[in-house]
Amino acid sequence: MLDAEGWLHTGDIATVTADGIFRIVDRLKELIKYKGYQVAPAVLEAVLLEHPQIADAAIIGANDADGQEVPKAYVVRQADADLSAEDVMEFVAAHVAPHEKVRMVEFIDVIPKSSSGKILRKDLRART
């Protein structure tokens with residue numbers, strides 16, 4: 001939980017007064033900024049989990065060849081599923097607005113999660 005400098009990374013955004021009083025003012029958002037639009041990973045994950053051949057999924061923002069942040073899906077296939085990256089992208093595109101479409105897909109064996117079940121996006125970002 002603590003980094004090398006002793007900071008605890010919780011995802012909360014806080015302010016501190018001159019008296020040393022901390023106030024939580026916001027949460028770090030996982031939003032992906034795509035061409036000026038905000039894309040919520042949780043919305044895309046919910047769509048992906050509706051697919052009968054997908055066992056689990058997670059979305060992060062990843063840079064494409066042009067350096068633009070785009071939604072990238074990490075997908076765990078159901079056992080014996082015959083699912084391609086194109087199938088995944090087409091499925092999502094049929095259910096969301098054009099700016100929310102998944103632009104990259106990577107198949108993995110398991111989505112990294114904390115003991116409470118929260119997706120460990122930092123671990124997925126480390127893979128790219």
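As a rough guide to protection, the peptides 70-82, 111-123, 2-14 ranked by mean Cβ packing within 10 Å, highest first, stand as 70-82, 111-123, 2-14.
Among VAL76, LEU44, SER116, whose Cα lies farthest out toward the positive end of the dipole of the range 30-127, if unit charges sit on the beta carbon of Lys, Arg (+1) and Asp, Glu (-1)? The listed residue farthest towards the positive side: SER116. Here PHE107, PHE22, PHE91 are placed in order of increasing Cβ neighbour count within 10 Å, fewest first, which gives PHE22, PHE107, PHE91.
The range 30-127 has equivalent-ellipsoid semi-axes of 19, 17, 12 Å, by the square roots of 5 times the alpha carbon gyration tensor eigenvalues, sorted largest first.
Between HIS95 and GLN68, the FRET efficiency estimated from the beta carbon spacing at R0 = 25 angstrom works out to 0.65. In this structure, the amide hydrogen of ALA62, modeled 1.01 Å from its nitrogen in the peptide plane, lies closer than 5 angstrom to those of VAL70, LYS72, counting only residues at least 5 positions away or on a different chain.
A Förster radius of 25 Å, combined with the Cβ-Cβ distance separating TYR37 from VAL76, puts the computed FRET efficiency at roughly 0.40. Students often get this wrong: which residues of the range 38-63 have the backbone nitrogen under 19 Å from the point 7 angstrom along Cα-to-C-beta of ARG125? Inside the label zone: 38-45, 58-63. Please report the base-10 log of the normalised intensity I(q)/I(0) for the range 40-90, using a Debye sum with one equal scatterer per alpha carbon and no solvent, at each q in 0.24, 0.32 (1/Å). Listed by q, the Debye log ratios stand at -0.91, -1.27.
Where a number appears in this text, it was derived from the coordinates with a stated rule and is not lab data. Small disclaimer: the values here were computed from a predicted structure and weren't measured. Here the Cβ is made from the backbone with ideal geometry for all residues, glycine too, and neighbour counts use every protein chain on show.
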